[in-house]
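J.: Let me begin by handing over the structure; questions about it come next.
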Amino acid sequence: MIDFNRHPSSYQHWNLTFDGPVARLAMAVNPEHPFADGYELKLNSYDLGVDLELADAVQRVRFEHPEVKVVVLTSDLDRAFCAGANITMLASSTHSFKVNFCKFTNETRCSIEDSSRHSGLRWLAALNGPCAGGGYEVAMACDEIYLIEDGNSAVSLPEVALLGVLPGTGGLTRLVDKRKIRRDRADVFSTLAEGLKGKRAKQWNLIDDTFPRSKFSDRIAARAAELVAADDQRTPFSRIELQPIRAKETDAGLEYEHVSLKFDRDGRTARLGLRGPSGPQPQTPAEYEAAGDGAWALRAFRELDDALLQLRFGYADCGLVLLHTRGKIDDLLAVEENLNAHADHGLVREILLFMARTLRRYELTARSFFALADAESCFAGAFLELALAGDRVYALDDPDRPVEFAVGPLSDGALPMSNGITRLHSRFLANPEHAAKLATERPRVDAAGADELGFVTVLADDIDWDDEVRIGIEERASLSPDALTGMEASLRFAGAETCDSKIFGRLTAWQNWIFSRPNAIGEEGALVSYGKPETARFDWNRT
């Protein structure tokens with residue numbers, strides 16, 4: 001089991017410091033501390049361990065340092081910012097790890113953008129040296145990019161030219177969708193291994209400005225001060241400390257306080273269980289501050305987040321996840337009503353934003369998800385969101401043991417999908433009036449009523465329930481996992497696209513495919529040949 005917990009006191013690759021409202025997050029990758037054996041992290045190249053620390057830093061600034069308004073992302077390595085993802089690591093990793101690594105790193109970049117969009121944090125990328133590949137991709141996640149002018153430093157996306165793959169964390173999409181760079185210029189830049197320097201990079205909008213080495217630190221500090229003075233979004237609250245999330249390993253799987261993940265390796269399935277709130281919960285923002293990360297709304301979703309990462313990286317052969325929920329609907333809805341009522345408070349807003357990010361990680365996970373609503377289920381509020389985020393909902397129709405569904409107050413926009421719309425609107429794209437009515441009226445219905453409203457895929461009575469579920473599981477487990485991954489990613493996000501949904505849709509389809517092609521990972525592929533005397537040999541057929 002991978003330990004996804006990190007803490008600034010034990011960072012190996014980043015230095016996080018604070019000066020009032022400005023945080024400095026400096027990359028200082030320890031070459032001798034890779035995530036796995038077999039490679040050295042030179043020139044601030046990164047692997048999963050480096051990005052786990054970055055993800056932790058983003059979270060901690062949001063929850064533990066509400067006084068911070070600006071984060072300066074830079075490097076402590078002399079005359080180098082970041083060489084991108086470590087090539088030896090990529091070449092030696094399994095296909096599954098490469099794709100999940102790219103997905104995790106992009107979710108981290110999206111969390112940076114999310115903190116800017118919704119929490120008022122401003123991110124400055126201060127590139128004090130060459131910035132290549134994934135290094136430039138993390139820079140593009142920032143609000144502004146500044147490059148040192150020293151005659152040597154450039155920004156580049158060299159993956160197509162040097163490795164035969166694509167920028168793995170949304171670089172191409174962010175060029176044209178976020179930086180709004182002309183397509184022909186983006187084409188040139190993305191095939192130019194050496195990248196672009198100073199004035200031309202600024203002219204093409206690859207950076208916001210360039211400063212000489214003698215003035216670089218002062219100009220960055222001045223710009224950070226300007227953004228601090230202009231801030232009107234970051235609202236203060238009493239900091240809370242994020243405690244480690246660790247599961248207990250059992251013979252069946254993983255057990256958390258509010259979440260369980262149990263595996264049937266022979267059947268290639270997993271059972272994901274979530275338990276709703278029990279006992280007293282915070283009622284006011286002050287009580288949330290006092291509860292810290294022990295409040296159910298934050299702790300349960302942090303546990304779910306960890307469980308999803310364990311599933312992705314440790315159990316690639318489990319292709320179907322069966323979602324079970326337990327708890328009292330009234331208790332769950334009461335927590336959500338309270339969160340919704342105090343959504344303008346800084347800490348409560350961060351909790352809601354974290355819940356939303358976890359739900360997005362759930363539906364971006366390359367697994368089939370079937371929600372099983374039986375007699376003891378609690379499919380209300382955010383738990384109903386999980387059901388709608390999956391692929392099918394099976395519901396037991398038994399008058400003697402009624403199953404209830406309830407739309408909660410957070411389903412009306414507080415927990416958006418990657419495409420920017422609610423799961424209700426995504427599900428009922430052909431009938432937006434129905435989606436709006438559900439969000440407004442928030443019905444609470446039994447299984448048959450949920451079927452009439454459109455929440456249920458398969459409604460079965462107590463006689464047919466076991467057979468319906470068994471057949472559904474067996475049929476799903478018999479299908480090609482590659483085809484299912486592509487199918488699910490295509491079907492889950494209806495409607496118009498956003499930058500985020502484009503990035504993840506293309507990552508799932510194209511990067512997944514390219515990472516398995518001989519031109520990239522064959523014996524003479526570009527990724528394998530990188531750094532060797534021999535040049536790559538390509539199959540020149542386009543398919």
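The values are calculated or read from the model by the stated rules, or taken from the named source; none is laboratory data. Bear in mind that the values here come from a model prediction, so they are computed numbers and not experimental data. Cβ atoms come from the backbone with ideal geometry, glycine included; neighbour counts cover every protein chain shown. Just so you know, the surface numbers come from the protein's heavy atoms only, side chains and all, with ligands and any DNA or RNA stripped out. Shrake-Rupley method; radii C 1.70, N 1.55, O 1.52, S 1.80 Å.
J.: Can you tell me what share of the DSSP beta bridges in the chain is antiparallel? A percent to the nearest 5 is fine. List each step's numbers first, then the result.
T.: Details: 22 of 65 bridges.
Bridges in the chain that DSSP calls antiparallel: roughly 35 percent.
J.: For a protection proxy built on the mean count of beta-carbon atoms within 10 angstrom, sort 469-476, 495-502, 100-107 highest first, please.
T.: Working: 469-476: 14.8, 495-502: 17.4, 100-107: 23.0.
Going from most to least packed, we get 100-107, 495-502, 469-476.
J.: While we're on this one: How many percent of the accessible area of the stretch 385-542 is carbon or sulfur, using a 1.4 Å probe? Intermediate values should be presented prior to the final figure.
T.: Numbers: 4230 of 8470 Å².
The C+S portion of the solvent-accessible surface of the stretch 385-542 is 50 percent.
J.: Shifting gears a bit: Of all beta bridges DSSP finds with both residues in the stretch 261-379, what is the antiparallel percent, to the nearest 5? Mind showing how you got there, number by number?
T.: Values: 4 of 15 bridges.
Restricted to the stretch 261-379, the bridges split so that about 25 percent are antiparallel.
J.: Here is a further query. Explain nothing, just the number: dipole magnitude of the stretch 229-287 about its Cα centre with +1 on each Lys and Arg Cβ and -1 on each Asp and Glu Cβ, in debye rounded to the nearest 20. Display every interim value, and only then the final one.
T.: Details: 9 positive and 10 negative charges, 42 e Å.
Roughly 200 debye for the stretch 229-287.
J.: If the only charges are +1 at each Lys and Arg Cβ and -1 at each Asp and Glu Cβ, what is the size of the charge dipole of the stretch 428-526 around the Cα centre, to the nearest 20 debye?
T.: Details: 9 positive and 19 negative charges, 150 e Å.
Value, rounded to 20: 720 debye.
J.: How high is the relative contact order of the stretch 141-205? Use alpha-carbon pairs under 8 Å, at least six apart in sequence, and give a whole percent.
T.: Details: 71 pairs, mean separation 28.8, N = 65.
Here the relative contact order equals 44 percent.
J.: Net charge within 12 Å of R239 by Cβ-Cβ distance, Lys/Arg positive one each and Asp/Glu negative one each, not counting R239 itself?
T.: Values: positive: R60, R62; negative: E64, E67, E241, E289, D293, E350.
Computed value for this residue: -4.
J.: Shape of the stretch 23-106 from its Cα gyration tensor (a ≥ b ≥ c, root eigenvalues): rounded if a/c is under 1.5, otherwise prolate when a/b > b/c, or oblate?
T.: Working: a/c = 2.61, a/b = 1.53, b/c = 1.71.
In terms of gyration-tensor shape, oblate.
J.: So, with +1 on the Cβ of K and R and -1 on the Cβ of D and E, and no other charges, what is the size of the charge dipole of the chain about its Cα centre, to the nearest 20 debye? Before the final figure, lay out the partial values.
T.: Working: 62 positive and 83 negative charges, 505 e Å.
That gives the chain a dipole magnitude of about 2420 debye.
J.: Any idea how far the Cα center of the stretch 422-464 sits from the one of the stretch 476-543, in Å?
T.: Answer, in whole Å: 35.
J.: Considering only P399, Q283, W510, whose Cα is most displaced toward the positive end of the charge dipole of the chain, charges sitting on Cβ of Lys, Arg (+1) and Asp, Glu (-1)?
T.: Looking along the dipole axis, the top candidate is W510.
J.: Can you grab the distance from the C-alpha centre of the stretch 365-397 to the C-alpha centre of the stretch 13-69, Å, no decimals?
T.: 36 Å
J.: Same structure, new question: Cα-Cα over 31 Å: which of K502/K532; K180/K532; K202/K532; K199/K532; K42/K178?
T.: Pairs exceeding the cut-off: K502/K532; K180/K532; K202/K532; K199/K532.
J.: Taking θ as phi - 60°, what are the ³J(HN,Hα) couplings along the stretch 276-281 by the Karplus curve (6.51, -1.76, 1.60), each to the nearest whole Hz, with x for Gly and Pro?
T.: x, x, 9, x, x, 10
J.: I've got another one for you. Given a Förster distance of 41 Å, report the FRET efficiency between S516 and I471 from their Cβ-Cβ distance, rounded to the nearest 0.05. Could the numbers behind the result be given before it?
T.: Numbers: r = 31 Å, r/R0 = 0.76.
The formula returns an efficiency of 0.85 here.
J.: Residue farthest toward the positive end of the dipole of the stretch 127-178, with Cβ of Lys/Arg at +1 and Asp/Glu at -1: which of V155, A141, P167?
T.: Result: P167.
J.: Net charge within 13 Å of P280 by Cβ-Cβ distance, Lys/Arg positive one each and Asp/Glu negative one each, not counting P280 itself? Let's see the in-between values first.
T.: On the way: positive: none; negative: E287, D331.
Counting the neighbours of P280, the net charge comes to -2.
J.: Report the relative contact order of the stretch 273-409, percent, no decimals, based on alpha-carbon pairs under 8 angstrom and at least 6 residues apart. Write down the numbers at each step before the final one.
T.: Working: 192 pairs, mean separation 39.3, N = 137.
29 percent.
J.: Quote the relative contact order of the chain in percent (integer), defining contacts as alpha-carbon pairs under 8 Å separated by 6+ residues.
T.: This gives 12 percent for the chain.
J.: What length, rounded to one decimal in nm, is gained on full extension from R179 through to Q233, with 0.36 nm per residue of separation minus their alpha-carbon distance? Before the final figure, lay out the partial values.
T.: On the way: separation 54, 0.36 × 54 = 19.44 nm, distance 2.30 nm.
This chain segment gains 17.1 nm when fully extended.
J.: Over the Cα atoms of the chain, how large are the radius of gyration and the largest Cα-Cα distance (Dmax), in Å?
T.: Radius of gyration, then largest Cα-Cα span, for the chain: 23.7, 78 Å.
J.: In the neighborhood of V259, defined by Cβ-to-Cβ distances under 13 Å, what is the net charge if each Lys or Arg adds +1 and each Asp or Glu adds -1? Let's see the in-between values first.
T.: On the way: positive: R246, K248, K262, R271, R275, R299, R302, R326; negative: E255, E257, E303, D305, D306.
Overall, the nearby charge balance is +3.
J.: How large, in percent, is the carbon and sulfur part of the accessible surface of the stretch 94-243 at a probe radius of 1.4 Å?
T.: Details: 2960 of 5860 Å².
Answer for the stretch 94-243: carbon and sulfur cover 50 percent of the accessible area.
J.: Further question on the same structure: Need the C-alpha centroid separation for the stretch 109-174 versus the stretch 274-350, integer Å.
T.: Cα centroid of the stretch 109-174 versus Cα centroid of the stretch 274-350: 32 Å apart.
J.: Right, another one. With the dipole of the chain worked out from charges on the C-beta (+1 for Lys and Arg, -1 for Asp and Glu) around the Cα centre, which of S116, L453, G84 lies farthest toward the positive end?
T.: With unit charges placed on the Cβ atoms, the residue in question is G84.
J.: Then there is this: Taking the solvent-accessible surface of protein heavy atoms with a 1.4 Å probe, what is the per residue accessible area of the chain in Å²?
T.: Values: 22870 Å² over 543 residues.
Result: 42 Å² of accessible area for each residue.
J.: Using a 1.4 Å probe on the protein heavy atoms, what percent of the accessible area of the stretch 260-363 belongs to carbon and sulfur? Let's see the in-between values first.
T.: Details: 1670 of 3490 Å².
Of all accessible area on the stretch 260-363, carbon and sulfur atoms account for 48 percent.
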